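Engineer: Okay, handing you the structure first.
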Amino acid sequence: MSDQLNRLLSIMARLRDPQRGCEWDVAQTFSTIAPYTIEEAYEVADAIARDDMAELPGELGDLLLQVVFHARMAEEAGLFAFEDVARAISDKMEARHPHVFGDPETDGGRPGWEALKAAERTHKGADSALDGVALALPALLRAEKLQKRAATQGFDWPDTEGPTAKLHEEIEELRDAPTDKQVEEAGDLLFAAVNLVRAYGISAEEALREANAKFERRYRAMEQLSEGKFAELDLDRQEALWQQVKLGETNR
């Protein structure tokens, strides 16, 4: 395994060589590579969602390449190297699992993990409990993480009644909002929806991903049933097809 990792590190060093490397790779910076890093992470998630284990090693390799790429650029700038990246995550994992790598009587699991993360933020001089929630996260996922952080400080509804009422309130406010306030109110509505879903112990990101997949599956089925003429149908006929597809799934 170490031979293949060293091989990958050597390949990246060669690609970044100003004289003998690849012009494209040499020209890249942290900011230009970051979008590819995000894209590769999504492609890993996609392979997992499709249960494509044959494709997963390649997708994980693409993601690993992103880590190696960033580490190589940092090494060239005298900031850190791949070894420092590996050391940092190893140190973090051992510190966050004291019940495994230290005292077996220490509390572990998710509650212990979150407490240790909070302690790390305090040690780093965080100004807010919300510090460290990455801006680059998908908005839905970031909303969920912000809410969870706030909940650790006691700022949370005790049950589903509060967020349910809040969601209805936001629906009314969007309906009554003037044009220049509709985007703001729409955002409040989505944020409230995430809060309600979270109150049921459900990941909003995962739930919406499943809803997207279901909509896509049903829409494609309608297109097939209409024999390529779906757009020519009126809304009532399209709705009838939707109900037909939905009923067909229910009866399976």
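Engineer: With R142, R237, R217, R209 as the choices, which residue is over 30 Å from A41 (Cα atoms) and open to solvent by 50 Å² or more (accessible area, probe 1.4 Å)?
Structural biologist: Numbers: R142 fails: over 30 Å from A41 (Cα atoms); R217 fails: over 30 Å from A41 (Cα atoms); R209 fails: over 30 Å from A41 (Cα atoms).
That would be R237, the only listed residue that is over 30 Å from A41 (Cα atoms) and open to solvent by 50 Å² or more (accessible area, probe 1.4 Å).
Engineer: Are any residues in the range 13-30 of a type in the set (A, V, I, L, M, F, W, C), in contact with a helix residue (DSSP H, G or I) (Cβ under 8 Å, 6 or more places away or on another chain) and over 14 Å from A74 (Cα atoms), and if so, which ones? First the steps, then the outcome.
Structural biologist: Within the range 13-30, the subset of a type in the set (A, V, I, L, M, F, W, C) is 13, 15, 22, 24, 26-27, 30.
Narrowing the set further to residues that are in contact with a helix residue (DSSP H, G or I) (Cβ under 8 Å, 6 or more places away or on another chain) leaves 13, 15, 22, 26, 30.
Correct list: L15, C22.
Engineer: Something else: Mind checking which residues of the range 34-83 are open to solvent by less than 60 Å² (accessible area, probe 1.4 Å), more than 26 Å from R217 (Cβ to Cβ) and at pLDDT below 95?
Structural biologist: A34, T37
Engineer: Could you say which residue among A192, A204 is modelled with pLDDT of 95 or more and within 15 Å of K145 (Cα to Cα)?
Structural biologist: Values: A204 fails: modelled with pLDDT of 95 or more.
Answer to the selection: A192.
Engineer: Related question: I need a count of the residues in the range 148-192 that are aliphatic (A, V, I, L, M) and closer than 27 Å to A134 by Cα. Working first, answer last.
Structural biologist: First, pick out the residues of the range 148-192 that are aliphatic (A, V, I, L, M): 150-151, 165, 167, 171, 174, 177, 183, 186, 189-190, 192.
When the remaining residues are screened for being closer than 27 Å to A134 by Cα, the result is 150-151, 167, 183, 186, 189-190, 192.
Qualifying residue count for the region: 8.
Engineer: Continuing with the same structure: Just one of (1) under 30 Å from L137 (Cβ atoms); (2) of a type outside the set (D, E); (3) outside any loop (DSSP other than H, G, I, E, B) trips up G201, so point out which.
Structural biologist: (3)
Engineer: Follow-up. For L130, work out the one condition from (1) part of a helix (DSSP H, G or I); (2) modelled with pLDDT under 95 it doesn't fulfil.
Structural biologist: (1)
Engineer: Using the structure shown, decide if V245 is under 30 Å from W157 (Cα atoms), of a type in the set (V, I, T) and assigned to a helix (DSSP H, G or I).
Structural biologist: On the way: under 30 Å from W157 (Cα atoms): no; of a type in the set (V, I, T): yes; assigned to a helix (DSSP H, G or I): yes.
No; evaluated as a whole, the condition is false for this residue.
Engineer: Can you pull out the residues in the range 107-124 that are open to solvent by 50 Å² or more (accessible area, probe 1.4 Å) and either at pLDDT 85 or above or over 22 Å from the mean Cα position of the chain (by Cα) (or both)?
Structural biologist: Scanning the range 107-124 gives D107, A119, T122, H123, K124.
Engineer: Select from the range 76-101 the residues that are in contact with a helix residue (DSSP H, G or I) (Cβ under 7 Å, 6 or more places away or on another chain), under 18 Å from N6 (Cβ atoms) and assigned to a helix (DSSP H, G or I) and list them in ascending order.
Structural biologist: F82, V85
Engineer: Same structure again: Return only the number of the condition from (1) open to solvent by 80 Å² or more (accessible area, probe 1.4 Å); (2) in contact (Cβ under 8 Å) with a residue 60 or more places away in the chain that D180 does not satisfy.
Structural biologist: Answer for D180: the failing condition is (2).
Engineer: Restricting attention to the range 12-25, report how many residues are more than 29 Å from the chain's Cα centre (by Cα) and assigned to a helix (DSSP H, G or I).
Structural biologist: Taking the range 12-25 first, the residues more than 29 Å from the chain's Cα centre (by Cα) are 13-23.
This time we only want the ones that are assigned to a helix (DSSP H, G or I), so: 13-15, 23.
Going through the range 12-25 one residue at a time, the tally reaches 4.
The values are calculated or read from the model by the stated rules, or taken from the named source; none is laboratory data. Just so we're clear, the structure is a prediction, and the values are computed from it rather than from any experiment. With ideal geometry, Cβ positions are generated from the backbone for all residues, glycine too; neighbour counts draw on all protein chains shown. All accessible areas refer to the heavy atoms of the entire protein, side chains included, with ligands and DNA or RNA removed. Shrake-Rupley method; radii C 1.70, N 1.55, O 1.52, S 1.80 Å.
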